[in-house]
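These notes concern the structure reproduced below.
The values are calculated or read from the model by the stated rules, or taken from the named source; none is laboratory data. Remember, predicted model here, so these are calculated numbers, not experimental data. Here the Cβ is made from the backbone with ideal geometry for all residues, glycine too, and neighbour counts use every protein chain on show. Heads up: the accessible areas ignore ligands, DNA and RNA and are worked out on the full protein's heavy atoms, side chains in. Shrake-Rupley method; radii C 1.70, N 1.55, O 1.52, S 1.80 Å.
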Amino acid sequence: MKNAKKLLSLLVVLTTTSLVAQHSGNANSESAKTLSSGNYNYQNQYQNNQVNTIQTTTGNENEMYISIKGIYNEKATSQRAVFSVLQIGKTAEETTKLMDERLESVVKSITAFNPEIEVIIDMISFVPLYDYEIQKKIFNPKTYNEKPSGFELKKNLIIKFKKTNDLNTIMNICAKQEIYDLAKVDYVTSNLDHIRDVLQVKAAEEYKQMLTNYSAIMNTDLFKKEKSLTEGYNTVYPMESYRSYSAFSQASINFEPESTVNNVRKNNTQFYDAALAKTHTFVVNADITEPTIQIFYDLTIKIKLKEDQLPKNTIIRNNRYYIITANGDVKPLNL
């Protein structure tokens, strides 16, 4: 009975460990094995995870800096898939005819599926292919000369669509015409100007709230202090955010000396890895599931805490101070 209880407890621990690793994703499987709970923390081995905070405000007695960072997750208003198409034929007429038949079938099927999908055909190259033939001559019985043996035609099929799931149907349609080479998928948005305005407004709201809080803490009106600022934007598209990893687990079994081990080729794959919100002040549209276009905004405000002892229109000549009046007159300052 005691052995049965111990076996049941062991199964619970193993099941819990497996769930933790799977829930975080296979890319984190190695770290999950180390950080997962269970017997790892047995006999007072538990330690708190020390997390360093990210500074949003720095300064000294003369000035302070406030840094505000934001992310806007934007769904693509449209996507462009580019398929590479290759056709080989014996003659120029045969090659172009075969290519046109394949592309016309794709365009017709896509239009029947969704008339709003736009299809553009981009010409790439059209070149002859050569083989070698032997020509027998009196003085040189084996002379190899190039001879045209066919033609190679390359075109790109550019397909613009709006719904992400439409790409599955588009790929099936292309596959029926033996078009498999999906060169790339571009994400397009027409809202960049609006997004920048939203980020600026959101950052201004965050700044006013922070300035109000700091004014109360420092017992001074920071709104009246002299300020300067810098800002910046950046846009990251989904194709730039994919990461590669190898999904496999190496077996650790002691085989017999005479046994043969055949290692299977390990699978290399990719996953979408968007920027996290942990280093940013705010995120707009944080709950979007599909890969998005991420627009980043950075605003830094420098606040001058101490006022200048001399007026702004003061000049120095030969270690003496002069002030320029509103009329343009230069008068000495007696300090």
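Annotations
- Note on the stretch 147-197: with neighbouring protein chains present and a 1.4 Å probe, carbon and sulfur make up 46 percent of its accessible heavy-atom surface.
- Solvent-accessible area, 1.4 Å probe, carbon plus sulfur percent, for the stretch 47-94: 42 percent
- Relative to the Cα centre, the charge distribution of the stretch 70-110, modelled as +1 at Lys and Arg Cβ and -1 at Asp and Glu Cβ, gives a dipole magnitude of about 160 debye.
- Which listed pairs, of K75/K202; K162/K278; K155/K184; K225/K278; K97/K176, have C-alpha distances above 23 Å, in listed order: K162/K278; K225/K278
- T325 versus Q55: modelled label distance in nm, points set 7 Å from Cα along the beta carbon direction: 4.7 nm
- Debye equation applied to the C-alpha atoms of the stretch 180-244, log10 I(q)/I(0) at 0.15 Å⁻¹: -0.72
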